[in-house]
Amino acid sequence: MSLPLDPTPFPLDHLVERGCLSGWEERPALALKAETLSHKALRQRVSALAGWLADRVNTPGARVATWAAKGELTCLMPLAAARAGLVHVPINPLLKRGQAAYILADSGASALIGNKARISSLEQGGVPATCEVFEEDDALQSAYAFGSDLPPSGADPDDLTALLYTSGSTGRPKGVMLSHTNLWLGAVSVAHYLKLGSDDVTLAVLPLSFDYGQNQLLSTWYAGGCVAPLDYLFPKDVAKACARHGVTTLAAVPPLWVQLTEIEWPSEASAHLRRLTNSGGALTVDLVRDLRGHFPMADLYAMYGLTEAFRSTYLDPALVDAHPTSMGTAIPFAEILVVDEHGSVAQPGEEGELVHCGPLVSKGYWQDKERTARRFRPAPTASRYGGTAVWSGDTVKREADGLLYFVGRSDAMIKSAGNRISPQEIEEAATAFAGVAEAVAFGLPDKRLGHAVHLVVRGEGSDEAEEALAKHLGRELPNFMQPRQIHWRTALPLNPNGKVDRTRLYRDLLESEA
């Protein structure tokens, strides 16, 4: 049975109050390595951490960043920062020093809480002078000893409460500004259509710095369920965790799903699974077949989302077998329009840009009016919500039965293993190397990753130069941005304007890899 679809937003930290007021006080809420917190204990620790944060960072709306693996700190911070009147900035633990330093500087973070190793990597000028640094264990111990629990927040639900940094097709990552309303209604929406309940256990595999990764926490707690955070090394670790915690809800991206269908699943690992949810890339017909074969008793939810609008569509599990490549229809609180090049709603079967309208639309990009103006524009006149809409840049079509299908992107963003990657970030890192005069990065289709990163560089290639460039990129870029292959060229093709002809270069790469 679905949870009631209540459209009234509240301050985000009220999720822990809801858990206790709904009679779930003693039910498990967070399964950590050393202990499992009840909803009552979760509320107490959120309040204690919020009290300490408000004392140490006493400027309303100040940004507080976390850079740590999944655990107590990273799970509590979205609610604790909200209760303290602060803005949480979760940094992907997979990022390297340079990317983390950029996010700290761009967000103007007043504080960073992280583990010792990550903080040490920033000691050489990576932390702004105005940013105070705390090790996560010290911060938690200090918070619980501080003895100043904060009551529920009285924030305006439209206030900013989180910045999630996401890559685009060009330039540095952008901080997407999310309000209490965005995150609260996102939790309500997902908990409703996934039919989550207080007896559900969600294995939090996705990074908590991602929009849907964070929603694993929020939607589960909204429903009164329990979250088990997991940083896994191997696919078998996921299966073991499912057995250990009696997991009912598992979210992943297509590359992980591929790996999970290639291992043996003991009956105790899959016995409790009720639902599988996919995001971060499209499912293939073969992958849908494999998932349905491995987990025949679990509902499979295919989903499409934008960090700028949290989540946009889902496919009803009853339709997955007949329409395995469909994006489905709009999630609750979202209105999805397909708009043609003339600004009109496209007819069934016609291609157009996906435009997301409604209260899940975020507040734009942090301190970036130019890019905000390109992506966040007035909703089409056909919208029932009006106001500001997210113009996705994705080309889709809606068939006569109302189901949406993805066609392609209008920009060069690379999506690999569920990660959004800016080609420009890779290119800038490559051209900072002394032996590279120009660089162009592409995502080439890949069965396991969605897209694999390929890098074309202009320079005098040699065994020594190739090895040195690979080491340089290894230091400067996170693993998911590393090129699968670096292609050295003495010259790059140019278009009539004298610029690198990316289209021809991409076509040449496709032909050479065929």
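No value in this document is a laboratory result; all are computed from the given coordinates. Because the structure is predicted, anything quoted here is derived from the model rather than measured. Backbone-built Cβ (ideal geometry, glycine too); neighbour counts: all protein chains shown.
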Charged-residue dipole, Cβ positions (Lys, Arg, Asp, Glu), the chain about Cα centre, Debye nearest 20: 200 debye
Mean residue ellipticity at 222 nm from the helices of the chain, using -39,500 (n - 2.57) per DSSP H segment of n ≥ 4 over the full residue count, to the nearest 500 deg cm²/dmol? -9500 deg cm²/dmol
Which of [x] 61, 26, 20; [y] 39, 26, 23; [z] 35, 29, 24 gives semi-axes √(5λ) of the Cα gyration tensor in Å as computed here? It is [z]
A correct Karplus calculation of ³J(HN,Hα) over region 135-152, with 6.51 cos²θ - 1.76 cosθ + 1.60, θ = phi - 60°, whole Hz and x for Gly and Pro, returns 6, 4, 5, 5, 5, 5, 4, 5, 5, 6, 8, 5, x, 10, 6, 8, x, x
Classified through the alpha carbon gyration tensor (a ≥ b ≥ c as square roots of its eigenvalues; rounded if a/c is under 1.5, else prolate when a/b is larger than b/c, else oblate), region 21-89 comes out oblate
For residue 437 and residue 33 in the same chain, what is the full-extension length gain: residue separation times 0.36 nm, less their Cα-Cα distance, in nm? 140.6 nm
What does the highest-first list of 453-461, 75-83 look like by mean Cβ count within 10 Å? 75-83, 453-461
Could you tell me which residue out of 337, 283, 450 lies farthest along the dipole of the chain toward its positive end? Charges go on the beta carbon: Lys and Arg +1, Asp and Glu -1, centred on the Cα centre. 337
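Does region 296-416 come out rounded, prolate or oblate, given a ≥ b ≥ c as the square roots of the eigenvalues of its C-alpha gyration tensor, rounded meaning a/c under 1.5 and, failing that, prolate meaning a/b above b/c?
Here region 296-416 falls in the prolate category.
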If you put +1 on each Lys and Arg Cβ and -1 on each Asp and Glu Cβ, how big is the dipole of region 414-513 around its Cα centre, in Debye rounded to 20? 480 debye
Separation between the residue 145 and residue 25 pseudo-spin-labels, each 7 Å from Cα along Cα→Cβ, expressed in nm? 2.9 nm
Is the shape of region 414-513 rounded, prolate or oblate, going by the alpha carbon gyration tensor and its root eigenvalues a ≥ b ≥ c, with a/c under 1.5 for rounded and a/b larger than b/c for prolate? oblate
Say each of residue 351 and residue 511 gets a label point 7 Å from the Cα, pointing the same way as Cα to Cβ; how far apart are those two points in nm? 2.2 nm
Which percentage, to the nearest 5, of the DSSP beta bridges contained in the chain is antiparallel? 60 percent
If packing is taken as the average count of other Cβ atoms within 10 Å, what order do 257-266, 312-321 fall into, highest mean first? 312-321, 257-266
What full-extension length gain, to one decimal in nm, is calculated for residue 195 and residue 40 as 0.36 nm per residue of separation minus the Cα-Cα distance? 53.5 nm
Would you list, by chain and number, the lysines whose Cα falls below 27 Å from the Cα of residue 70, excluding same-chain residues fewer than 8 positions away? 33, 40, 96, 116, 174, 195, 236, 240, 363, 415
Residue 8-residue 491 FRET efficiency (beta carbon distance; Förster radius 51 Å; 0.05 resolution): 0.25
Length gain on complete extension for the stretch residue 409 to residue 132, per 0.36 nm per residue less the alpha carbon to alpha carbon distance? 95.7 nm
Tally Lys and Arg at +1 and Asp and Glu at -1 over the other residues with C-beta under 15 Å from the C-beta of residue 128: what net charge comes out? -1
Quick calc, residue 367 & residue 243: beta-carbon distance into FRET formula, R0 41 Å, rounding 0.05, result 0.35
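Given the peptides 502-512, 137-147, 270-280, arrange them by the average over their residues of other C-beta atoms within 10 Å, most packed first. Mind dumping the intermediate values first?
Values: 502-512: 13.7, 137-147: 15.3, 270-280: 20.6.
Packing proxy ranking, top to bottom: 270-280, 137-147, 502-512.
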